[in-house]
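Worksheet for the structure shown next.
Every read-out reported here was derived from the displayed coordinates using simple, explicitly stated rules and does not represent laboratory data. Because the structure is predicted, anything quoted here is derived from the model rather than measured. Positions of Cβ are generated from backbone atoms using ideal geometry, with glycine treated the same way; all protein chains shown enter the neighbour counts.
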Amino acid sequence: MLFNHPTLVLLICLGIGAAIAAPVLIKGFMRRGKGVKYEQSFVLQRAPQLMSVFTIFLLVITGMVYNDIIQVPGAVPFISLAASKDPTGFPLYLSWFGLLIFLSGLVFMIGGWISLGEMFSTDAEVMENHTVRDTGLLAFVMHPAYSGIIQSLLGASVVLASPFCILFTICMVAPLWLNRAKYEEKLLVEALGKPYEDYMKNMGHRRLVPRFIPIGV
């Protein structure tokens, strides 16, 4: 088998998720830049997206090392703590746990886009006739799609037992999406006023971590 079982399931789930997400994501991309209030800042708009894509590239390389497709002498422990030659024990359980995080991320990412409906754009902006959305996954966390992106990347990193990808996601990708989330809130407060402020208060300002989890931001 070219891939071990956790990696194979990860790829299957990724393919299914991509098929479901594609129509919604295409519509969001077509709305990009058409809002009534839009920020051109690279750090806000492009940096989170590019760092997420770069993390996917790192995960592809890591997956090839993890499944013993390519050899990186001396760097394997840093890239991946396990390889397919040892498909049992703690590394395997860790991979399956990571898969659960990845699946949760897909649900939050795609569900977040769907929950936003016509208000969804791939960039941070206020759309025409924008209204407060508090249904679907938006009833659990203020920025479910951003939360889902971080969860997906973190989960895939855990599946591949990669300390580097885990740290890169936590220390680089997550802060960029959090910064963008805070900026979006500023835009929405300016555009929607008290209704959005009330929504933020009702959510306990939970931007990325669902409020049913005891702690989080």
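General remarks:
- Kirkwood Rh, angstrom, region 150-191 [1 / mean 1/r, Cα pairs]: 11.2 Å
- Among ARG133, ARG180, the order by Cβ neighbours within 10 angstrom, fewest to most, reads ARG133, ARG180.
- Additional length obtainable on full extension of the chain from ALA21 to GLN71, 0.36 nm per residue less Cα span: 14.6 nm
- GLY117 sits among other residues whose Cβ lies under 13 Å from its own Cβ, and their net charge, with Lys and Arg +1 and Asp and Glu -1, is +1.
- Straight-line cross-link partners of LYS194 among the lysines, defined as a Cα under 30 Å from its Cα and at least 8 positions apart when in the same chain: LYS27, LYS34, LYS37, LYS182, LYS186.
- Two-decimal ratio, the chain, of alpha-carbon radius of gyration to 2.2 N^0.38 Å: 1.08
- By the count of other C-beta atoms within 10 Å, a proxy for reagent exposure, ASP134, ASP123 are ordered fewest to most as ASP134, ASP123.
- Judged by the ratio a/c of the largest to the smallest principal axis of the C-alpha gyration tensor, region 1-64 counts as oblate, that ratio being 1.5 or greater while a/b is no larger than b/c.
- Taking 0.36 nm per residue of sequence separation and removing the Cα-Cα distance, the LEU50/THR135 pair yields an extension gain of 27.7 nm.
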